[in-house]
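Following: one structure in structure tokens, then a few remarks.
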Amino acid sequence: MPPRKAPQMFSQSSSSTTAAAKALTLDSTQLYLTALNSPHPNLSFSPIPSSFPPSKLIPKTRFLIDSFRYPTISFSAAYFLSHFHSDHYSGLSPSWSKGIIFCSHTTSLLLIQILKIPPHFIFPLALNDPVVVDGCEVILIDANHCPGAVQFLFKVPTKNGSFERYVHTGDCRYCNSMKMNSYLNGFVGCDAIFLDTTYCDPKFVFPSQEESVDYVVSVVDRIGKEFEKERVLFLVATYVVGKEKILVEVARRCKRKICVDGRKMEILRVLGYGDNGVFTEDESESDVHVVGWNVLGETWPYFRPNFARMKEIMVEKGYEKVIGFVPTGWTYEVKRNKFAVRSKDTFEIHLVPYSEHSNYDELREYVKFLKPKKVIPTVGMDIEKLDSKHADKLRKHFAGLVDEMANKKDFLMGFHRGNCESVEKIEVDASAGLNEEKDMERKRNVSEMKTDESNDIDTTLNDSSSVHKPDSHDSTMPSEEERERIIEEFWECLPKWVTRDQILDLISSSGWNIVEAVSNFYEREIELYEQVSAFGTSDSTSLARSPNKSVSLLNSGPFRSSKRESVSIRLSEASKSPSLKLSVQSSISPGKRKKNTENKLNKKLKSNSKLESSGSKQPTITSFFSKLLADDSEGGRTCQKNEECPKGESTLPSNLTKSYLEKIDQFIQIINAKESSRNYVATLLEKTQGDINKALDLYYSNPEVNHGENTENLVLSSKSVQVQSCNNDCSVSKNKPVPEESRCMAESSLQRQPVENVDTTLVSLPPDKYKPIEHACWRCGQPAPYVHLARTFDLVGGQKGKIKATSMLCNMFRSLLALSPEDVLPAVYLCTNKIAADHENIELNLGGSLVTSALEEACGTSRSKIRDMYNDMGDLGDVAQACRQTQTLLAPPPPLLIRDVLSVLRKISLQTGSGSTIRKKNLIVNLMRSCREKEMKFLVRTLVRNLRIGAMMKTILPALAQAVVMTSSPNLYHEATVDSLKEKLQDLSAAVIEAYNVLPNLDLVVPSLMKEGVAFSSSILSMVPGIPIKPMLAKITNGVQEVLKLFQNKAFTCEYKYDGQRAQIHKLADGIVRVFSRNGDETTVRFPDLINIIKESCKPAAQTFILDAEVVAIDRKNGHKLMSFQELSSRGRGSKDSLVTVDKIKVDICVFVFDIMFANGEQWKQMMLV
């Protein structure tokens, strides 16, 4: 049954091409009810919460923009999707039913055909065709982003009959042609623009799209001619949707087809490119291939090339040279020229600043053109809050481009509307939101100004001060009550630095018109502030604004004879006399003026703190300890005071003293020390400013301290400063329980001893000369330090030969086997850059930006410095190492342990949900702060998943096998012949590799190897259903003749290669069936029908098995015709949260089983094919 369409879905929305008066009128609620096929005519929505991101909500409407993952309950029926990119449609799935999605026609087709969204929940809108949705006019215009991307123009009616206009750009790249759009011109001066601020930074001023396309075309053309006799492969990294302009232009101008995979071709067909002959799925037809976005390397925060993957592609496809293109604006920030190139051997990666987002200049140009009242950023940190620090920082880039006058006019109109209301109502409203203290303050200040004005009104108005003579409209002086109200309102809307004289001046000169007075203030704001700063009127300001002043104008006599007469006269003279104003400005420089003002404020604060007796200040940690010095000459608890303090009073507030005494007691309990150690503990806490973790590091790194398990005394040098508290009453009970976290930290630290000074290159010795125990950097029984791995990695990375690298790794494992066997398995994981078996799908999921941010915090450096160093070095690990080497440490950190590093990495992988980014960063920072020598370099490389030591599983496992052989027979080199030794090492190496291929789980292979030793064989370990086996992949040949030559006239059989998906099917002992892909990824949730087929085909005798098969799409309604892989890939992928159900499957499958590798506990791998 075809999906039901919303009424008038396509026809009327595209037929309206005239004015808004003839626009199609839509009711989103009614459309939603129709889509739901609901009989209930009324539909209510929950209120939109205040925490909802304002960048995704159009004011005074329920229109939600690119916001599909937020609502757990329905807030609206009207959802707008700007374009088909996953970060914008996140939350959409085939089960979507929360509301109507308004979008462009192109985007609607992608939603229906790619995401399988039910069509009756989608309402496509034509471009440049006004439509009225829920009473608001909506217009879609092109966004110059990806195909189907649009900007939304909203015209929202208000209560007073006017309209508010909003522009939501979605993702957009501004161009001059947009100025020609008549609809967009109608939104000049709009109330707000929701702006795509992806590149809102002056460093992002990348070239135009046309220039970037020209560069790619020129490189393809040039290299194609230079290497005409060689097979050169061009790889272009793209998103699922986007970058089509580059591909089309390369095809057109270079006379080449573009090869894409099935999924990309499916999308291109939706976009209308499928039948134009530009794109092909046949790799042999083109040397320009499209690859996924991160195939050539990660782009954020700095580009990290993946030459290893390029080499794999080159070998797999039979080319001799590979040229890659990464088109994105992010690469522009880290290079000095427009088009940077990363090269290695026969590989090149061109970083092309082709972006589909506006660069910095274009953003400012767009805002300048529209001149909105405000800019609302839609991309960046903390943009969910309009008043966040980052959002304010982004808005500052558009200062002077927005319509400030319109904002001021709206602000003043609010006051004008307030003046029209009754005095009583204003007073009630004004006082309703204020507490009693603030209300008293306001009334007292108003009374002072009012009294001054009434008692000396003639003087104030006629004096040659800054108050101007009244105009004609001043002939009618407001009543006393009215003046009080005006002064009160005026005072409420001004900054605190404004003086009383300036307030009276502004009100009097404006004829007691508050709207004009506020307007005059904003026009003269800078001038008035300079007057206050120039004459140091902070005291006068506080007199006018402080509620604690007891002296009023009424008590101080006439205005001219008041304490502030000279200040008032000088202010007025400065405002009237240009020459005087000039002399004032020239006599005091801005820097000195600011400094003098700050000094005066600081002096005043100090004097006030001495006078105030009630309440205690919060001194810093250093002041806490500086007031107390221990008297080391006496055994009693005495103290010397740096300052005099009143008798009977504590020199510290009780709460702060208690806090630090608690930390001292807690520290003592952690290290299990005696009470006599209190002085030394206080010294450590002083040095670390109260940080217990750092104090513990200092304690355990001090060689002069006896770290006994039951510490009786702390042996200190004679120069140690001992500190103890003056207050014996404030001590906390020693029986207070110590937090579990602190106990664990202490136990861990007790095991960590400083790494001994040994030669860091000893693992490079030949195996017969290396002594695993003597040459190790830790002692027997202690956990192995991470520096042991880091030193080995550093040496292995500098070696090009595989034999030498294997020898070094072997020596490294020999020390682990001899001194700390428990650390062998964690070391293997870290050497292979893994944290778990592949089939467990446990990943760190760390972005480069998070690692960089942690590096900034751990090393106290800046992002700009890291960027510059990265440009020079090209490796984030080298950058981290350089930053660490230049960092001065108070004391050496406790050693990192191999087991702890792996444990923390696994803990990072488990962090999810709210606040997970912060938790991940804290874990990384703690690791970085404990790094020494080369540890920082390889820790960072581990975090970014690129160790760069050239060692893979096929090198690591043989090295471990050789270490096991040599550990089990220490005198092997002296007893065995060269040939027998070589044969024994090769046999065990081959056995462990074969075992890993059959059972790719280090948790099972490594312990078995260590247990069996030289007796280990691949037959010891059997296949385990549920753990996918490494598949034997096909090799590319140049033709049938090469295949025949390879088999050398031996008999062989052939099988059909079906155009489907490889599937490794496992049946477990509990009856569960699991399916894995060729890469070892579990795909069970994607094939519920396959599970049914296997269960129905299984005989009861088949308890467990592992099958190797091909899953192929089939059309059972059309003669059981086999279909292409593209048809199969259109099936829903499913996930843990969204399972694919059998009733929603539209593409049937069949299974071709071509191998049975395991059945009922027996391996069939070695059995003959029958």
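Quick note: the coordinates plus some simple rules give every number you see, no bench work behind them. Quantities reported herein were computed from a predicted structural model and do not represent experimental measurements. Heads up, the Cβs are rebuilt from the backbone with ideal geometry, glycines too, and the neighbour counts pull from every protein chain shown.
Here are a few things to note about the model shown:
- Cα-based radius of gyration of the range 11-195 once divided by 2.2 N^0.38 Å, which approximates compact folds: 0.98
- Protection proxy ranking for 182-190, 929-937, 1021-1029, using the average of other Cβ atoms within 10 Å per residue and placing the highest first: 929-937, 1021-1029, 182-190.
- Percent of C-alpha pairs per 5 Å bin, the range 1040-1163, short to long: 2, 10, 18, 20, 17, 13, 9, 6, 3, 1, 0
- Segment Val1040..Lys374, full-extension length gain: 232.9 nm, with 0.36 nm per residue of separation and the alpha-carbon distance subtracted.
- Peptides 175-181, 24-30 ranked from most to least packed, by the mean per-residue count of other Cβ atoms within 10 Å: 24-30, 175-181.
- Shown is the FRET efficiency for Leu271 and Glu530, computed with R0 = 56 Å from the Cβ-Cβ distance and rounded to the nearest 0.05: 0.40.
- Of Lys800/Lys934; Lys371/Lys409; Lys802/Lys907, pairs whose Cα-Cα distance is over 27 Å: Lys802/Lys907
- Under 20 Å from a label point set 7 Å out along the Cα-to-Cβ vector of Asp1155, the amide N atoms of the range 1010-1044 belong to 1018-1037, 1043-1044.
- Relative contact order (%) - the range 11-195, alpha-carbon pairs under 8 angstrom, separation at least six: 18
- Lys pairs, the range 188-261 - Cα-Cα below 16 angstrom, 8 or more residues apart or on other chains: 4
- The lysine pair count for the range 11-195, using Cα distances under 22 Å and pairs eight or more places apart or on different chains, is 8.
- Cα centroid of the range 139-193 to Cα centroid of the range 838-853, whole Å: 38
- Stretchable slack from Arg231 to Gln1048, in nm (0.36 nm times residue separation minus alpha-carbon distance): 291.3 nm
- Per the Kirkwood formula applied to alpha carbons, the range 234-277 shows a radius of gyration over Rh ratio, Rg over Rh, of 0.91.
- Hydrodynamic radius (Kirkwood) for the range 124-257, which is based on Cα pairs only, to one decimal in Å: 18.0
- Efficiency of FRET from Cβ geometry, Ser93 and Trp497, R₀ 45 Å, rounded to 0.05: 0.20
- Cα-Cα over 21 Å, subset of Lys264/Lys311; Lys368/Lys408; Lys694/Lys865: Lys264/Lys311; Lys694/Lys865
- In the range 1040-1163, lysine pairs closer than 27 Å at Cα, eight or more apart or cross-chain: 22
- One decimal place: the segment Thr912-Asn185 gains 257.2 nm when fully extended, by the rule 0.36 nm per residue minus the C-alpha distance.
- Amide H contacts of Ile58 (H built 1.01 Å from N, under 5 Å, at least 5 apart or other chain): Phe63, Ile65
- Estimated FRET transfer efficiency (Lys1121, Gln782; beta-carbon r; R0 45 Å; 0.05): 0.10
- Applying a threshold of 26 Å to the alpha-carbon distances of Lys338/Lys374; Lys804/Lys834; Lys393/Lys496 flags Lys338/Lys374 as lying beyond it.
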